[in-house]
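Trainee: Encoded as structure tokens, here's the structure I'll be asking about.
The values are calculated or read from the model by the stated rules, or taken from the named source; none is laboratory data. Only a predicted model underlies this, so the values are computations on that prediction, with no experimental measurement involved. A quick note on method: Cβ atoms are made from the backbone with ideal geometry, for glycine too, and the neighbour counts reach across all protein chains shown.
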Amino acid sequence: MKISLSNEGPFWGAHRHRSQYPTPDALIACNAGLGAYPNWYDVTLASLTRDIPFAITDYREISLQINAMLVLKDNLMEAKDTFWQHIKLTPVEEKRLQNRLQAGYTYKIGVNPFGRLGPQTRHDTIPGPYSVNGFEMVITPLSRRDKKL
């Protein structure tokens, strides 16, 4: 397996995901702050609809829980209707998105084995475990066709 980073363009998402840039094999976002930046909606929607494996890390487990509940459940359909109003999804892409956003779907959150160990400098006063890249969550898992990656 070969892993490479791409600087094909400043953004990758809805506006360019069909033609200008090649579809990546996987997406990884370290300390993503998924709920803090609306730009992630394009990437997340593209990942879910195109079945591109996508995983994120964050400083706090609670941030990932909020992302799974608020961003991935509540805000993505609204984002699809606003940011992606000009994108025509195929029936297969629409079904993939609906399956991920259904009420019973859960996202597994874990401790990132590659997180930075040791004492952390605290930048805020929110209690709870805190570590750079400390917690991980898979947004779009490997599909059956991608198990060879």
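Trainee: Which pairs do you get when a residue that is in contact (Cβ under 8 Å) with a residue 40 or more places away in the chain, found in segment 75-93, comes within reach of a residue that is among the acidic types (D, E) and in a helix (DSSP H, G or I), reach meaning Cβ atoms under 7 angstrom, with the pair 6+ apart or on two chains?
Mentor: F83/D42
Trainee: Within segment 17-118, considering only helices (runs of 4 or more DSSP H) that don't extend past its boundaries, which have at least 3 residues that are loosely packed, with under 13 Cβ neighbours inside 10 Å, modelled with pLDDT of 85 or more and not small (G, A, S)?
Mentor: Once the helices (runs of 4 or more DSSP H) in segment 17-118 are filtered for at least 3 residues that are loosely packed, with under 13 Cβ neighbours inside 10 Å, modelled with pLDDT of 85 or more and not small (G, A, S), what remains is 91-101.
Trainee: Among the numbered criteria (1) under 15 Å from S47 (Cβ atoms); (2) at pLDDT below 85, which one does L142 miss?
Mentor: (2)
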